[in-house]
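Below is one structure, written out as structure tokens; comments come after it.
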Amino acid sequence: MLEALLTPVDLYCERTGPQVWSEPLNALTNLAFVAAGLWGLALARRSGADGFVRALGWLVVAIGLGSGLFHTVANRLTVWFDVVPIALFILAYTVFVLRRFLLLGWLATAAGFAAFHLAAGAATAAIPAPLVAASNGSVGYLPGLAGLALFGALLAARGRPAGRAVLAAAAVFVVSLTMRAIDPRVCAALPIGTHFLWHLLNATVLAILLAAAVRHGAARARHLPQEKGAGA
């Protein structure tokens, strides 16, 4: 079992072998996530933001550390250090949007969270396997993109200031996801690939979302509805 988990994986153009430093750009660009997370934490401290906002910042730092580990020691075990923090951030930010930006009560937040992720999961599972392979597995991130677009549009329609930030993050994420998807297709022309751009652009996405959380979510914390149903 352990031997299987330690089996090396080679998923990106830049990797030239199983050695630790075979993806230097992919490894180093994870510092952008760490920087984005620490910047978000600094904003949160200066504004007196609560623990939820700070937790989002620490999750972004964890994304950088986990992805950095995977892009140095690339095997079936370390891939979990890469994907789990990303998944946790997506789940946590969904709750944050529903609770802090849309000001829903806890029952409505739970219902919205479940409905969105069940629908997104079902839609992703229905994507044909050849398309999944052709996208270099990038279709797995489509629920994240859908969430940014859907919630950003809903917030904008309601005149919430966070809407523009979330939609801006969605626009950058489209480009970011494209860079991830085309990485294996450009190897011949560009041996370093494009995955490092996925890191840099995603760090930008997360920085935008952290800034929105601090500026438009944390300040509303004391005004959140306390009832168990939908809020105002």
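Among the candidates V79, V97, V132, V84, which residue alone is touching a Leu at 6+ places or on another chain (Cβ under 8 Å) and of a type outside the set (G, A, S)? Within the list V79, V97, V132, V84, the selection yields V97.
Only one of the numbered conditions (1) under 22 Å from P143 (Cα atoms); (2) not in a helix (DSSP H, G or I) is not met by G57, and that is (2). Of the conditions (1) among the aliphatic types (A, V, I, L, M); (2) in contact (Cβ under 8 Å) with a residue 12 or more places away in the chain; (3) touching a helix residue (DSSP H, G or I) at 6+ places or on another chain (Cβ under 6 Å), L150 satisfies every one except a single condition; which number is it? The failed condition is (3). Consider F113 carefully, then state whether it is surrounded by fewer than 20 Cβ atoms within 10 Å (Cβ to Cβ), touching a Leu at 6+ places or on another chain (Cβ under 7 Å) and among the aromatic types (F, W, Y). So F113 passes the test. Scanning segment 174-204 for residues that are surrounded by fewer than 23 Cβ atoms within 10 Å (Cβ to Cβ), under 15 Å from Y141 (Cα atoms) and of a type in the set (A, V, I, L, M, F, W, C) yields a total of 7. Looking at segment 26-49, can you tell me whether even one residue there is at pLDDT below 95, surrounded by 15 or more Cβ atoms within 10 Å (Cβ to Cβ) and either in contact with a helix residue (DSSP H, G or I) (Cβ under 9 Å, 6 or more places away or on another chain) or assigned to a helix (DSSP H, G or I) (or both)? Scanning segment 26-49, I find at least one residue that is at pLDDT below 95, surrounded by 15 or more Cβ atoms within 10 Å (Cβ to Cβ) and either in contact with a helix residue (DSSP H, G or I) (Cβ under 9 Å, 6 or more places away or on another chain) or assigned to a helix (DSSP H, G or I) (or both), so the answer is yes.
The values are calculated or read from the model by the stated rules, or taken from the named source; none is laboratory data. Predicted model only: the values in this text are computed from it and were never measured. Note that each Cβ is placed from the backbone with ideal geometry, even for glycine, and that neighbours are counted across all protein chains shown.
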